[in-house]
Amino acid sequence: MDVISPAYDWPSWFTFSVYQAFVDVNVSAEYNQGVIQYLPSLVANWTESSNGETWTFQLRQGVNFSNGDPFNSYEFWADMYGLYYIFGNSSSWLGRPIINMNNVTFGPASLALLNQSGLNNPTAAAIAMMSNSSWPIYVTGPYTIMFQLSSPYAWFPGLFVGTGDTGYAVDMGYAITHGGGLGTPASPNPYWITNPIPGTGPYVITDVSTNAYVELAQNPSYWGKNLSQSEIKANPYLNPGQAKQVIFNYVPDDTARYTDVATGASDFSIITYPDFNLILDNPSQYSYLRLPISDDFQAIGLNTLLYPTNNTDFRQAIVHAINYSQIIQEAYYGEASTFMGPEYITSKAYYDLGNFAPYQYNMTLAEQYLNESGVTNPPPIVFNVVSVCQECLTTAEIVQSDLAALNITVSIQVMTIDTFNNYWSTYSFDVANVNTQQGNLNYIGGEWWQPSYVDPVDGWFWFVSNESLFGNQANYYNPIVQNCLNEFLSDSTNTTAVTIACTAAQKQIYDDAPYIWILWNLWFGDGSWVYKTSGPINSFYMDPDFGGNTFAPVVNTVTFK
């Protein structure tokens, strides 16, 4: 099987096929019902203590990495603390303030001990370190690992579904003892980019060249190769796969990718603007991936700290002066809709608790808000757009035309993603460095957003919180809104308190208008994964969080005609 891809998320093309998630998502429920349900994967089952603060994960036994090393609780423990070390030993735990790491002293001495011990049959000294229950993550046996939380957190398994940095298993024992180890905090060892660490999945990497290609072959010793059809149906991400070999090729030119699919040189590929029109014009010849109800979206942040978008009425004037129907048709081929964030639409229990309709195109209301703002003769407002995001540029041009009717000038600044990222970081960084380079209007993440973790807290944490690590392109904070996040994190089992706090927060966000939210149906706003209807491909699944870790098809889920 041959797959053609841009370099969007190199080197993660093979995630989920080579590296499996600790916990999976029920893709049938996600596709058909638009809801998130957690499923066992490498974690066979889990239990929660009566106070909701202690989670026990029992691991699946009989699982090996592709090099023969056993998957066990020692590997899981080293995964957790190894990542904690590489990402700078934050006191919260990889961006989620639900595990207190203040007592943890994992560092070079710990790695040296593991290097000497290995993780297949650890020494007594290594086991003693990993069993230390004064640290919040510890083992109680070769297949049992415990997590001590700071407060009850009902969606804790959702942090292990392959998104973020905690979600999938790599042979950490191998990484510690080979190739120079993990690296140092904030400087991971680049050796592992072209010398991939073994995984537990149904495929192994046989050859790799940076931003050129990745070759995969079926893992002959895959632990799940004898799973029954009913087990695979229950969790398709465990499928041993049908293709014997898979080649991912990096082809940066969209027309070349289209030609490869059209001629049969590739089984499927990402096709985007302007060639996606060729796909839409030939519906009998091509099929393409349409997202189910998912958590992938785009949002335009209105910088709440930079004049004149720091004026609430001025922002309300903007959000009511935009022709959303035109944006959906011209920027997204009609395959999009507006919605009310920050809650992801799959978190049905907490989605839009105030029941607010998305902002509507209403010039009369826009003029009223502009008058009430007191802003006269505003300076040009800057709309920063990343160069590789065609739907972003098209949207910016429509916004530019729409706001001209209010005598508001929009200056579109096109930049690279690297330049964009230079202007944004944590909320505290953004506030301290707010200036005209940040612009008045910006897309979340520069282009689009896929959740970091599969839980209802994700959107509140990233976009409307003073704890955001990246993504709060509105520079938005409000204590009423923050209270919603605080209730989630202090005791998520108190659903009444959470609901009350988040209903008030939703109203505050709606009234403050820090974001315009757009939900898309295509894999990318201006295109999707395409394959010939007459070709060999029947179906395939993507990352269960639709891009939280990889934009590539999960190759072991591909079925053939």
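Where a number appears in this text, it was derived from the coordinates with a stated rule and is not lab data. Worth saying up front: this structure is predicted, and the values here are computed from it rather than measured. In this analysis, Cβ positions are derived from the backbone assuming ideal geometry, glycine residues included, and neighbour counts consider all displayed protein chains.
What number results when the radius of gyration of the range 520-561, computed over Cα atoms, is divided by 2.2 N^0.38 Å?
1.21
Based solely on C-alpha atoms, express the radius of gyration and the Dmax of the chain in angstrom.
24.0, 74
Could you check the spin-label model distance between Glu372 and Ala128? Points 7 Å from the Cα along Cα→Cβ, value in nm.
Calculated label separation equals 6.8 nm.
Which FRET efficiency, nearest 0.05, do Ser49 and Thr495 yield, Cβ-Cβ r, R0 30 Å?
0.95
Hey, fewest Cβ within 10 Å first, where do Cys484, Cys389 land in order?
By the 10 Å Cβ count, ascending: Cys389, Cys484.
Putting +1 on Lys and Arg Cβ atoms and -1 on Asp and Glu Cβ atoms, find which of Trp529, Tyr361, Tyr191 reaches farthest to the positive end of the dipole of the chain.
Positive-most Cα among the choices belongs to Tyr191.
Can you give the % of DSSP beta bridges in the range 297-520 that are antiparallel, to the nearest 5?
Antiparallel: roughly 60 percent of the beta bridges in the range 297-520.
Could you calculate the FRET efficiency of Val388 with Asn121 from 1/(1 + (r/R0)^6), where r is the beta carbon distance between them and R0 is 51 Å, rounded to 0.05?
That gives a FRET efficiency of 0.60.
Taking 0.36 nm per residue of sequence separation and subtracting the Cα-Cα distance, how much length would be gained by fully extending the chain between Gln360 and Gln326, in nm to one decimal?
Gain on extension, Gln360 to Gln326, equals 11.0 nm.
When the helix-only estimate is applied to the chain (DSSP H runs of n ≥ 4, each -39,500 (n - 2.57), divided by the residue count), what is the mean residue ellipticity at 222 nm, nearest 500 deg cm²/dmol?
-8000 deg cm²/dmol
What does the extension gain come out to for Ser411 and Gln61, with contour length at 0.36 nm per residue minus their alpha carbon separation?
Answer, rounded to one decimal: 120.2 nm.
Give me the one-decimal Kirkwood hydrodynamic radius in Å for the range 19-190, with the sum taken over alpha-carbon pairs.
Taking every pair of different Cα atoms in the range 19-190, averaging 1/r and inverting gives 16.5 Å.
For Ser539 and Ala349, what is the calculated FRET efficiency with R₀ set at 30 Å and r taken between the beta-carbons, to the nearest 0.05?
FRET efficiency, Ser539 to Ala349: 0.50.
Which chymotrypsin sites (Phe, Trp or Tyr not before Pro) in the range 407-462 sit in a loop by DSSP (not H, G, I, E or B) and have at most 14 other Cβ atoms within 10 Å of their own Cβ?
Sites meeting the loop and neighbour criteria: none at all.
Order of 333-340, 48-55 by packing, highest average Cβ count within 10 Å first?
Top to bottom by mean Cβ count within 10 Å: 333-340, 48-55.
Between Ser428 and Gln242, what is the spin-label point distance in nm, taking each point 7 Å from the Cα along the Cα→C-beta axis?
Reported label-point gap for Ser428 and Gln242 is 5.2 nm.
Once all Cα-Cα distances of the range 285-370 are split into 5 Å bins that start at 0, what whole-number percent is in each one?
3, 12, 17, 20, 21, 15, 7, 3, 2, 1, 0
Classify the range 43-127 as rounded, prolate or oblate, taking a ≥ b ≥ c as the square roots of the eigenvalues of its Cα gyration tensor: rounded when a/c is under 1.5, otherwise prolate if a/b is larger than b/c and oblate if not.
It comes out oblate by the Cα gyration axes.
Length gain on complete extension for the stretch Asp9 to Thr436, per 0.36 nm per residue less the alpha carbon to alpha carbon distance?
150.8 nm
Give me P(r) over the range 194-342, computed from all C-alpha to C-alpha distances, binned every 5 Å, as integer percentages.
2, 7, 10, 12, 12, 14, 13, 11, 8, 6, 4, 2, 0
Using a simple spin-label model with points 7 Å from Cα along the Cα→Cβ vector, what separation in nm is obtained for Ala234 and Asn103?
Simple spin-label model gives 3.7 nm for this pair.
Fewest Cβ neighbours within 10 Å first, please rank Tyr203, Tyr477 accordingly.
The fewest-first ordering by Cβ neighbours comes to Tyr477, Tyr203.
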